[in-house]
Amino acid sequence: MMKASRARHNPSASGDPTATATVDSLSYDGRGVARLEGKTVFIEGALPGERVRFRYLNRRKSYDNGMLVEILEASPDRVTPPCPHFGSCGGCGLQHLRSEVQIHSKQQILAEQLTHIGRVQPQTWLDPVTGPALGYRRRARLGVWQVPETGKVSIGFRARRENYLVDLNTCVVLEPKIAGLLPELHWLVDDLSCPNRIPQIETATGDNISALIFRHLVPLVERDREILRAFGERHAIQIYLQGGGPDTITALWPAEPEELLYRLPEFDVEIRFRPTDFVQVNSAINRQMVSQAIQLLDLKDDDQVLDLFCGLGNFTLALARRAKKVLGLEADVTLIEGARCNARRNAIDNVEFRVADLYRENSLATCKDYAANKWLLDPPRGGAMEVIKQLTAPLPSRIVYVSCYPATLARDSDYLVHTLGYRLAAAGVMDMFPQTSHVESMALFDRP
């Protein structure tokens, strides 16, 4: 542990007090953590092992927040960020840290959460699942804002911990084709009749083609549509319009667009999706994630699997290639319809999909007729406590839990281990979002 040091408070150029500290670790959101005079300080931009001077942003009863002012002793793991917008853009927070150390820090965060919240530790740590550190993001929502004073159009992500938009002319984590369009997108929006009424551009990329969805708050005139059609045709990218809620999305170019798709070659599965459907952001990590989950379940020919929060069938269809039967449950009716279509396209007939809101009590009543001996869980950030509390004998022999938020995985692990008697056999992280502090993980629970 780092020794506490006495703070030396000096005024900064802005008049706010500054202090020096040695950073001990990274917080779950990517800030450096130090202790001064027995109090925790979270320092934006600082890395473990560094001695820094920082400016206090605010001071609380039990902790303080600060911003890096000067690096007095740099970490050997500090690197030059590849993006010129790093530091202001809120899309990435760890580009200044070596990629290998990023994933190690995420594993440490997962371990701490499991220990402190779940009171558990895995018998085995899985090797981290890693892939390309740049150009991986196949889905994104870009904010759009026309500055009233200047008329200039800004397109980008929100600033880190601030309520304004950072204007991007490049983005190193976006899928390269989409990133390359950013400069022209500024001119495109500016040329429309209502640039101040275009709040968002959503992007989606499949293995075959990319799409842009333009949200507009007022009706577009025919010239606007012509401009957008020409842009789509010029760049071979699909253009969609959204004038209201998700049900108002319509294709502009081409009039009958090809469906986006991605493949899981190891399982001979092809999944088609709409530009607004939820799919995993990182295709390389997703392929490895599906393979690892199926390996951990140790599927046999007579296994019946329950896939909870199944979405479009990302895990379900691959599971069906290895198991006797699979049932997928999901609350979103549209995703369930898409999953059924994907099963038919892949000629997979040992899988079934049903609608179920897994955050409601007794949600598993919809599958009382289905005897599953193995489970796969892939819940959103809220975790899966509501559904695992419905587990009754005979309990599944194995549960693979895919998590996008380590705190809820840790909470649910506590219940699975200390209430239901499972063993946390293995756990590890997956670098689904390189250059960010987001921690994606996978855990295996089995019966001792």
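Within the chain, antiparallel bridges make up roughly 65 percent of the DSSP beta bridges whose residues both belong there. Considering only the Cα atoms of the chain, their convex hull presents on average a projected area of 23.8 nm².
Can you pick out the pairs among Lys300/Lys389; Lys106/Lys152; Lys106/Lys325; Lys106/Lys368; Lys106/Lys300; Lys324/Lys389 whose Cα atoms lie more than 28 Å from each other?
Beyond 28 Å between Cα atoms: Lys106/Lys152; Lys106/Lys325; Lys106/Lys368; Lys106/Lys300.
When the helices of the chain are scored as -39500 (n - 2.57) per DSSP H run of n ≥ 4 and the total is divided over every residue, the value at 222 nm lands at -6500 deg cm²/dmol. Here Arg272, Arg345 are placed in order of increasing Cβ neighbour count within 10 Å, fewest first, which gives Arg345, Arg272.
Considering all projection directions equally, how large on average is the shadow of the alpha-carbon convex hull of the stretch 37-142, in square nanometres? Walk me through the numbers before you get to the answer.
Working: hull surface 39.0 nm².
Result: 9.7 nm².
Of the peptides 223-232, 45-54, 196-205, the ranking by mean beta-carbon count within 10 Å, highest at the top, reads 45-54, 196-205, 223-232.
For the stretch 338-448, rounded, prolate or oblate, judged on the Cα gyration tensor with a ≥ b ≥ c (square roots of eigenvalues), a/c < 1.5 rounded, else prolate if a/b > b/c? Before the final figure, lay out the partial values.
Values: a/c = 1.69, a/b = 1.14, b/c = 1.49.
Oblate, since a/c reaches 1.5 and b/c is not below a/b.
By DSSP, the beta bridges lying fully in the stretch 10-73 are antiparallel in about 80 percent of cases.
In plain terms, the residue of Val33, Val387 with the fewest other Cβ atoms within 10 Å comes first and the most crowded comes last, giving Val33, Val387. As a size descriptor, the averaged projected area of the C-alpha convex hull of the stretch 393-436 was calculated at 3.6 nm².
Just rank Lys389, Lys61, fewest to most, by other beta-carbon atoms within 10 angstrom. Mind showing how you got there, number by number?
Numbers: Lys389 14, Lys61 6.
Placing the least packed residue first, the sequence is Lys61, Lys389.
Once the Cβ-Cβ distance of Leu420 and Thr276 is raised to the sixth power relative to R0 = 35 Å, the FRET efficiency obtained is 0.45.
Rg of the Cα atoms in the stretch 10-73, relative to 2.2 N^0.38 Å, amounts to 0.98. Remark: spin-label model distance Arg119-Met385 equals 1.5 nm, labels positioned 7 Å along the Cα→Cβ axis.
FYI, it's all coordinate maths here, none of it is from the lab. From a predicted model like this one, the values you see are computed outputs, not experimental measurements. Counting neighbours? That spans all protein chains shown, and the Cβs are built from the backbone with ideal geometry, glycine included.
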